[in-house]
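Participant: First the structure, which I've put down as structure tokens, then a few questions once you've had a look.
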Amino acid sequence: MKWWNEYKRQWDITTDLDGGINKVGGDGATLKNRQFGFLLDSGLKPSDKFLDIGCGCLRGTIKVLDYLNEGNFYGIDIAKGLTDLIPEQMSRENVKKKPKIKVNSDFRIKKYFPKVKFDCISAYSLVTHLYPEDTERLFKGVSEALKDDGVFYFTYFPVANDIDSFIPGRFEYSKKWIIEAGEKNGLSLEDITMNPFNKGPDYQQLIIAKKIKI
């Protein structure tokens with residue numbers, strides 16, 4: 001948790017949108033188009049309830065907010081310094097719909113949105129910053145908050161062998177660990193594929209998970 005708290009501190013000192021965007025890896029325009037295109041191709045509908053975990057200032061999902069029916073976009077992030085920039089991001093993109101945002105780091109989704117079950121939950125480039133215990137906490141929270149037929153998309157850095165690596169800023173997991181941690185916390189990994197947002201061996205991979213039916 002020491003690294004997680006430091007990560008939060010770094011983001012909380014962000015004071016402007018350009019500064020916040022410049023501190024995040026990748027190209028924002030490309031990211032938002034690829035994430036939105038992927039979700040549309042995967043069947044996202046305007047009527048779906050959608051949760052972005054690690055939403056930040058909505059750099060990657062602002063187009064999702066604009067696409068969904070009013071009131072269907074939810075977000076969680078650890079850093080108030082980033083979520084405070086959401087109105088500015090919305091203004092730049094001319095988005096009028098209002099997201100429902102909570103600032104917390106414990107992934108107890110049901111606590112913060114107790115009356116909502118989600119059709120789709122996304123956590124892009126989040127597990128890359130989480131220790132195993134936090135990743136399992138994330139999986140449990142997602143499993144509790146998903147609809148029975150809901151879907152969870154997240155990315156992670158894979159390792160070539162079964163030796164996990166926890167270097168702050170780039171936490172790497174074996175596919176075996178990811179699968180077992182998901183199943184332990186109520187998630188079945190339906191598909192594992194190369195991340196469609198990026199290409200190449202050094203990029204994150206995408207996992208598609210669903211609730212285990214009891």
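The values are calculated or read from the model by the stated rules, or taken from the named source; none is laboratory data. Because the structure is predicted, anything quoted here is derived from the model rather than measured. As a convention, Cβ positions derive from the backbone with ideal geometry for all residues, glycine included, and neighbour counts pool all protein chains shown.
Participant: Looking only at region 96-135, count how many residues are surrounded by fewer than 19 Cβ atoms within 10 Å (Cβ to Cβ) and in a loop (DSSP other than H, G, I, E, B).
Facilitator: So the answer is 13.
Participant: Looking at (1) of a type in the set (Val, Ile, Thr); (2) under 29 Å from LYS210 (Cα atoms); (3) modelled with pLDDT under 90, which one does VAL116 not meet, given that it meets all the others?
Facilitator: Going through (1) of a type in the set (Val, Ile, Thr); (2) under 29 Å from LYS210 (Cα atoms); (3) modelled with pLDDT under 90 one by one, VAL116 breaks only (3).
Participant: Residues of region 73-95 being crowded, with 21+ Cβ neighbours inside 10 Å and either hydrophobic (A, V, I, L, M, F, W, C) or at pLDDT 95 or above (or both), which ones?
Facilitator: PHE73, TYR74, GLY75, ILE76, ILE78, ALA79, LEU82, LEU85, ILE86 - these are the residues of region 73-95 that are crowded, with 21+ Cβ neighbours inside 10 Å and either hydrophobic (A, V, I, L, M, F, W, C) or at pLDDT 95 or above (or both).
Participant: Exactly one condition in (1) closer than 11 Å to ASP52 by Cβ; (2) touching a residue at least 40 places away in the same chain (Cβ under 8 Å); (3) in contact with an Asp or Glu (Cβ under 7 Å, 6 or more places away or on another chain) is not met by LYS80; state its number.
Facilitator: (1)
Participant: Sticking with this one: With region 1-72 as the region, which helices (runs of 4 or more DSSP H) entirely inside it contain at least 1 residues that are among the aromatic types (Phe, Trp, Tyr) and either buried (at least 16 other Cβ atoms within 10 Å of the Cβ) or at pLDDT below 80 (or both)?
Facilitator: Working: elements: 2-12, 17-22, 28-41, 62-67.
Output list reads 2-12, 28-41, 62-67.
Participant: Still on this structure: Regarding region 141-157, can at least one residue be identified that is at pLDDT below 95 and either assigned to a helix (DSSP H, G or I) or more than 27 Å from SER47 (Cβ to Cβ) (or both)?
Facilitator: Yes: one or more hits.
Participant: In region 140-158, how many are farther than 10 Å from ARG108 by Cα and of a type in the set (Lys, Arg)?
Facilitator: The initial filter retains those residues of region 140-158 that are farther than 10 Å from ARG108 by Cα, namely 143, 146-158.
Adding the requirement that they be of a type in the set (Lys, Arg) leaves 147.
Total meeting the criteria: 1.
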